[in-house]
1. Are there any helices (runs of 4 or more DSSP H) wholly within the stretch 5-98 with 3 or more residues that are among the basic types (Lys, Arg), and if so which?
2. Spot the failing condition for ARG52; the list is (1) over 30 Å from LEU92 (Cα atoms); (2) modelled with pLDDT of 90 or more, and only one is missed.
Amino acid sequence: MSISKEQLEQSFQGKAYVELKDLVQLIEDNFGFNVTLQRKDEPAFTEEQKKRMTSAIFKDEDVLSQLRQAQRDRENGISTYSNSEEEFAQLLKEVQND
């Protein structure tokens, strides 16, 4: 798989700078791949690691206290956690199930 210099120049014709999103779009359009990017210096966690971290966070009494306070605030008409009632309700449901 390759792109000729002419195809590359045509794709970016008239642009002073080529942005990363332009390169991603070029790859997706010409090679049929879905492209996702991840920083090299950021660790990629496994699903098991994510589950363990999530469990540890929601067992932390300080975190639970903050969520309880956010729930009380929400009930009193003060939204400090999220603009989404459904998202907040889902988070509280998940925490209560752990």
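1. On the way: elements: 5-11, 20-31, 47-58, 61-75, 85-97.
Ranges flagged: 47-58, 61-75.
2. (1)
Yes or no, residue by residue, for (1) in the same structural domain as SER4 (by TED's automatic domain parsing); (2) in contact with a Gly (Cβ under 9 Å, 6 or more places away or on another chain); (3) not hydrophobic (A, V, I, L, M, F, W, C):
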{"position": "LEU20", "(1), (2), (3)": "yes, no, no"}
{"position": "ILE27", "(1), (2), (3)": "yes, no, no"}
{"position": "PHE33", "(1), (2), (3)": "yes, no, no"}
{"position": "ARG52", "(1), (2), (3)": "no, no, yes"}
{"position": "PHE58", "(1), (2), (3)": "no, no, no"}
{"position": "SER65", "(1), (2), (3)": "no, no, yes"}
{"position": "ARG68", "(1), (2), (3)": "no, no, yes"}
{"position": "ASP73", "(1), (2), (3)": "no, no, yes"}
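The values are calculated or read from the model by the stated rules, or taken from the named source; none is laboratory data. Quick caveat: nothing in here was measured; it's all calculated off a predicted structure. Glycine gets a Cβ as well: all are built from the backbone with ideal geometry, and neighbour counts include every protein chain shown.
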